[in-house]
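Read through the structure below, which is laid out as C-alpha cells, and then see the notes.
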Amino acid sequence: MWSHACQLDDLALSYVLPERATECLDLGPGWARTWTVTWKVGKSDVIVPVKDLSAGPAMVSVPVRRFSWRTGQRHRPGLEYLVSTGRQHGFESLAERWLLLVLDFVGGFDEVLSQPFRLRFSSVEGKGSHIPDFLVLAAGASWLVDVRPGGLIGEEDEVRFAAAAQAAVTRVTKVSPGSSTSSSSCPMASCRSAKAARP
C-alpha cells in the first residue's frame, strides 16, 4: 500500500464492543437528559445533558484532566505537534501519541481535542464516569476516540466505551434542511505501521 493512499482503517485497529457492554447501560426513558457531559472552560465547569452535547463549548474548552509527568510513572504522557492543526496536543500514553501521528498523517480533520469532557452515565452497576481520549472534529462529522492496547481493555472499559458510543450517537444535529452533522465513537485497540507496497 502506498503511503499517500492510507486511510485511518489502514493504520489503526478499531475495537468491536461486545453487545453485553451496551446491555449494561441504563438506557431507559430520558437517559439522554440524565447523563451529563462536563466541559472545562478556563477554570469553570460547564455541565450539559448528553442530549445537548453538540451545543457544548468544544472550541473554547480545555482538557478536563491535566497531563502530568513524574519520575517512575508507568505511562508516557507528553505533547505532540500536529501539522494539521498547527498546535500541540496532549497525550497520556504512547498508544495515544501514535494515534495523533496517524490522524496527522491521514488528515481530513479540523481539530483534535484531548481529554475533551467527563461523561457521567448510569449502568446496572450504578453511576459511572469516563473521559474519552480525543474528540476529532471535521467538516460535518466528529469522532469520539478512546485508545487502549487491545490486551488492556477490561469489562469496565468496555462499558465506559459503550457509554461514550451512546453519547456520540446523540450528537446528530440538524444544520440546515437536508444536511446534518454526524458523530460516532471509535474505541481504537492500537495503531499499526503501514508498509509501503512496491510494484
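The values are calculated or read from the model by the stated rules, or taken from the named source; none is laboratory data. Just so we're clear, the structure is a prediction, and the values are computed from it rather than from any experiment. Positions of Cβ are backbone-derived with ideal geometry, glycine not excepted, and every protein chain shown enters the neighbour counts. SASA here: full protein model, heavy atoms, side chains in, ligands and nucleic acids out. Shrake-Rupley method; radii C 1.70, N 1.55, O 1.52, S 1.80 Å.
Remarks
- Qualifying residue in region 115-129 (condition: modelled with pLDDT of 90 or more, within 18 Å of Trp31 (Cβ to Cβ) and β-branched (Val, Ile, Thr)): yes
- One residue stands out among those in region 63-88 that are of a type in the set (S, T, N, Q) and modelled with pLDDT of 80 or more: the one that is most open to solvent (accessible area, probe 1.4 Å), which is Gln88.
- Among (1) at pLDDT below 90; (2) touching an Asp or Glu at 6+ places or on another chain (Cβ under 8 Å) - the single one Val16 does not satisfy: (2)
- Gly90 touching a residue at least 12 places away in the same chain (Cβ under 8 Å), assigned to a strand (DSSP E or B) and among the small types (Gly, Ala, Ser): yes
- Note on region 100-121: residues that are farther than 17 Å from Ala138 by Cα and touching a helix residue (DSSP H, G or I) at 6+ places or on another chain (Cβ under 7 Å) total 2.
- Verdict on Val37 being closer than 19 Å to Pro132 by Cα, without any contact (Cβ under 8 Å) to a residue 24 or more places away in the chain and not charged (D, E, K, R): no
- From Val112, Val102, residue being open to solvent by less than 20 Å² (accessible area, probe 1.4 Å), farther than 18 Å from Asp45 by Cα and more than 10 Å from the chain's Cα centre (by Cα): Val102
- Residue list for region 17-41, filter: open to solvent by 50 Å² or more (accessible area, probe 1.4 Å) and more than 25 Å from Asp104 (Cβ to Cβ): Glu19, Arg20, Thr22, Glu23, Asp26, Leu27, Pro29, Arg33, Thr34
- Residues in region 90-138 that are in contact with a Gly (Cβ under 8 Å, 6 or more places away or on another chain) and small (Gly, Ala, Ser): 4 in all.
- Test: residue in region 2-13 that is at pLDDT below 95, over 28 Å from Ala95 (Cα atoms), open to solvent by less than 50 Å² (accessible area, probe 1.4 Å) and touching a Lys or Arg at 6+ places or on another chain (Cβ under 8 Å): no
- Enumeration of residues in region 110-156 that are part of a loop (DSSP other than H, G, I, E, B) and of a type in the set (Val, Ile, Thr): Val124, Ile131, Ile153
- Contacts under 8 angstrom Cβ, first residue in region 116-142 being in contact (Cβ under 8 Å) with a residue 60 or more places away in the chain and under 15 Å from Gln166 (Cβ atoms), partner among the polar types (S, T, N, Q) and assigned to a loop (DSSP other than H, G, I, E, B), 6 or more apart: Phe117/Ser61
Residues are listed down the side, and each one gets a yes or a no for (1) surrounded by 18 or more Cβ atoms within 10 Å (Cβ to Cβ); (2) among the polar types (S, T, N, Q); (3) under 20 Å from Asp45 (Cα atoms):
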site: Pro57; (1), (2), (3): no, no, yes
site: Ser61; (1), (2), (3): yes, yes, yes
site: Gly90; (1), (2), (3): yes, no, yes
site: Pro116; (1), (2), (3): yes, no, yes
